[in-house]
1. If you consider only alpha-carbon coordinates, what radius of gyration and Dmax does segment 65-180 have, in Å?
2. State the extension gain, in nm to one decimal, for the chain segment bounded by residue 129 and residue 28, taking 0.36 nm per residue of separation less the distance between their alpha-carbons.
3. Could you check the simple spin-label distance between residue 97 and residue 184, using points 7 Å along Cα→Cβ, in nm with one decimal?
4. May I ask for the distance between the Cα centers of segment 35-114 and segment 1-31, given as a whole number of Å?
5. Sorting 48, 41 on the 10 Å Cβ count, fewest up front, what's the list?
6. Go through 163-173, 114-124 and give me the packing order, highest mean Cβ count within 10 Å leading.
7. May I ask you to order 152-160, 100-108, 76-84 by the average number of other C-beta atoms within 10 Å around their residues, highest value first?
8. How would you rank 42, 130, going from fewest to most other Cβ atoms within 10 Å of each one's own Cβ?
């Protein structure tokens, strides 16, 4: 087994609940572009769990790309494509030009705000009308943290990088609206996280 495989305990904990929601909100068929796939553990789990969808994992970190490829080699999933380099903050350079859905798990709080801006701009360019952009992670709501653990996590993130931090859902929805996305659904998840589903508007 390849030594390039990285692991994330959080991925093992949250993948089941996330998959339950994805089964409901993603299209029945088509290509899902996963932005910032990280270790690749989610990608292999979701590709196996959603065999009618083609899964395209991506990341901006070469070590993560190697990990995704190594995890992909552990399963036989014809619907799982090789990972490609993608920087969410640079939507003009995205290597994928069309997708049926876009998914980003634990991205916008562990990245500068430019990554969130690029994510919505890039997704708007490649999704069809009503195509879903699905985000997972912690959010502030109404300017406040929803749990003490999220406040502590936010402080930790900002200590590591002042451009990082738990985002306010109102600010994310405003950014989405500026890219012609509509906030369709907010789903409470374990460990004080949310899944937020946006739908692309018409051009």
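What follows draws every value from the coordinates through simple rules; no lab data is involved. Fair warning: this is a prediction, and the values are worked out from it, not measured in the lab. Virtual Cβ from ideal backbone geometry, glycine too; neighbours counted across all protein chains shown.
1. According to the Cα coordinates of segment 65-180, Rg and Dmax are 15.8, 44 Å.
2. 34.8 nm
3. Inter-label distance under the simple model: 2.6 nm.
4. When both Cα centres are located, 10 Å separates them.
5. Result, fewest neighbours first: 48, 41.
6. For the peptides 163-173, 114-124, the packing ranking is 114-124, 163-173.
7. Going from most to least packed, we get 100-108, 76-84, 152-160.
8. Lowest count first: 130, 42.
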